[in-house]
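Colleague: I have a structure I would like to understand better, so I am pasting it below and will then ask my questions one at a time.
Every number here is computed from the coordinates shown, using simple stated rules; none is lab data. Worth saying up front: this structure is predicted, and the values here are computed from it rather than measured. In this analysis, Cβ positions are derived from the backbone assuming ideal geometry, glycine residues included, and neighbour counts consider all displayed protein chains.
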Amino acid sequence: MLASIKDDLLKAGKSEGCITFQLLNELLPEQVKEPGAIEELFDFLGDHNIEIVTEEKTGKKKTLSGENWTGKNLDDESSNEVLPNTEEHDSEETTTTYLREMGQFDLLTPEEEARYSKTIREGFNAIITAIREDDSGVKEITMLVERIDLWQRRDPSLKPKKQQLNYMRHCVKIANCKYDDKRQLFELNTKLEAYNRSIEVAKDAMIRANLRLVVSIAKRYMHQGLTLADLIQEGNLGLMRAVFRFDYKKGNKFSTYASWWIRQAITRAILDKTRTIRLPVHFLELRSQFFKAFYSLLKELGREPTPVEIAEMTDLPMDKILAILEASREPISLETPVGDDDSTLGDFLENQESESPYDAVQNRELSSRVTEVLST
C-alpha cells in the first residue's frame with residue numbers, strides 16, 4: 001500500500017518541488033494511521049526534495065519555517081469555495097459566514113506551535129502540582145465530583161437536593177479550614193486562574209490556526225449522511241482533542257498529528273448519527289477498503305467480483321468479507337410506499353402469527369360440514 005501512496009505523492013509534488021498539507025491529506029488513505037508509516041512517507045518526500053508547505057488565507061504558500069513559497073499553487077481552492085449547494089439557505093449562510101471568519105486567522109509557524117503546546121503542557125503540570133501540594137479536602141472533593149457525574153447521568157436538569165448541597169458546603173468548609181489567612185487561599189486561587197488563562201489562550205490560538213485543516217478533511221466525507229456544517233463541527237471536536245494530546249517534544253508536525261484525530265472524530269460521527277444500527281469505527285475503514293477493491297475489480301473484470309476475489313485483493317479473511325457484506329445492508333422502513341397506490345412495503349409481508357385466508361376458509365367449511373353431519 002505504501003508503495004502506491006509514494007508514487008502518488010511523487011507525481012503530485014515532483015513538478016513543483018512541494019506539496020501542501022491539504023493535498024497531502026487528500027492523497028493519504030484512511031487506513032494509514034501508524035506513526036511509523038507517516039514518518040516513513042515524510043522521509044520519502046524529504047529524500048526526493050519535496051517540501052511540505054502550508055497555505056495562508058490569501059492563497060500564498062508558506063514553508064514549515066514560515067517563509068513564503070514562490071512556486072505556483074497545486075490546489076487553488078479557497079475556503080469560500082468549499083461550500084456545496086445545500087437545500088437550506090440558512091444553513092448555507094451560516095456556513096459561509098463561518099468560512100469567511102475562519103480565513104481571518106493566520107497559520108502558525110512550527111516555533112509558535114511548539115511554544116503554545118509547551119504553554120499548555122506546563123500550565124496543566126503547574127495546576128496538578130499546586131493541587132498536590134494543597135491536599136486539603138481532596139478526598140471529599142473527589143467524591144463530590146463522582147456524585148455530580150452520577151446526577152448528570154441520571155438527569156442533567158435535576159437540581160441537587162438539600163442534603164447534597166450541605167455536602168458541598170462541607171467540602172468547601174474543609175478546604176477553608178487549612179487557611180487561617182484568607183489571603184493564602186486568594187493567592188492560590190489567583191495562581192490557578194492565571195495558569196488556566198494561559199492554557200485557554202494557547203489552546204484557542206492553536207485551534208483557530210488549524211480550522212482550515214478541518215474544512216479540507218471534512219470535504220472528503222461529504223454525501224455520507226451529514227452536512228458540511230456537521231462534519232466541520234465534529235472535526236473541530238477532534239482538533240480540540242489533538243491540541244490537548246499533542247506533545248511538542250517528540251518533534252512531530254501538529255498538522256499531521258491533528259489530521260488523524262479529526263478523521264477519527266468525523267468517521268465516528270458518521271457511524272453514530274447516520275446509521276440506524278451502530279457499527280464499530282474500525283468497521284468503516286474495513287468497509288471503505290472493501291468497496292475500493294470491489295469497484296476496482298468491477299472495472300477490471302466487467303462483472304461483480306466474488307467475495308473470494310475481494311478477499312484475495314484486500315488480504316482480508318473470508319469471515320471479515322462476509323461480515324462486511326452483512327453489515328452493509330441498510331435497513332428499510334415498512335412504511336416505504338410501493339407503486340402508485342397507497343400500499344406500503346409492510347402490506348406485502350406475510351404475517352407468520354395470523355391464520356392464512358385459505359386455512360380460515362377451509363376450517364370454516366370443514367366446521368360447517370361436520371356440524372351438518374352431526375345434525376343428521
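Colleague: Highest first, please rank the peptides 360-371, 209-220 by the mean number of other Cβ atoms sitting within 10 Å of their residues. Could the numbers behind the result be given before it?
Modeller: Numbers: 360-371: 10.2, 209-220: 21.7.
The packing order, highest mean first, is 209-220, 360-371.
Colleague: For Val361 and Leu349 in one chain, what is 0.36 nm times their gap in residues minus the Cα-Cα distance, to one decimal in nm? Each step should come with its number before you reach the end.
Modeller: Numbers: separation 12, 0.36 × 12 = 4.32 nm, distance 2.05 nm.
Contour length minus Cα-Cα distance gives 2.3 nm.
Colleague: Once the other residues with Cβ under 12 Å from the Cβ of Ala258 are scored (Lys, Arg +1; Asp, Glu -1), what is the net sum? Display every interim value, and only then the final one.
Modeller: Values: positive: Arg212, Arg241, Arg245, Lys253, Arg263; negative: Glu113.
Charge balance near Ala258 sits at +4.
Colleague: OK, next. In debye, nearest 20: dipole of segment 248-376 around its Cα centre with unit charges on the Cβ of K, R (+) and D, E (-)?
Modeller: Values: 16 positive and 21 negative charges, 345 e Å.
Using Cβ point charges on Lys, Arg, Asp and Glu, segment 248-376 gives about 1660 debye.
Colleague: Okay, moving on. Given Lys118/Lys253; Lys6/Lys292; Lys219/Lys273; Lys292/Lys320; Lys118/Lys219; Lys118/Lys203, which pairs have Cα atoms separated by over 20 Å?
Modeller: Values: Lys118/Lys253 14 Å; Lys6/Lys292 18 Å; Lys219/Lys273 17 Å; Lys292/Lys320 15 Å; Lys118/Lys219 31 Å; Lys118/Lys203 11 Å.
Beyond 20 Å: Lys118/Lys219.
Colleague: Once amide H atoms are placed 1.01 Å from N in the peptide plane, what residues at a sequence separation of 5 or more from Thr344, or on another chain, have their amide H within under 5 Å of its amide H?
Modeller: Sorted by chain and number, the residues that satisfy this are Val338.
Colleague: Using alpha carbon coordinates only, what is the Rg to Rh ratio of segment 281-327, with Rh defined as the Kirkwood radius?
Modeller: On the way: Rg = 10.0 Å, Rh = 10.5 Å.
My calculation of the ratio gives 0.95.
Colleague: Can you tell me the FRET efficiency between Asp247 and Ser333 if r is taken as the Cβ-Cβ distance and R0 is 35 Å, rounded to the nearest 0.05? Don't skip to the answer; put the middle values down first.
Modeller: Details: r = 48 Å, r/R0 = 1.37.
Rounded to the nearest 0.05, the efficiency is 0.15.
Colleague: While we're on this one: If amide hydrogens are placed 1.01 Å from N in the peptide plane, which non-local residues have theirs closer than 5 Å to the one on Cys18?
Modeller: Glu51
Colleague: Grab the beta carbon distance between Glu187 and Ala114, set R0 = 30 Å, and tell me the FRET efficiency rounded to 0.05. Could you put the intermediate results ahead of the total?
Modeller: Details: r = 31 Å, r/R0 = 1.02.
Here the calculated transfer efficiency is 0.45.
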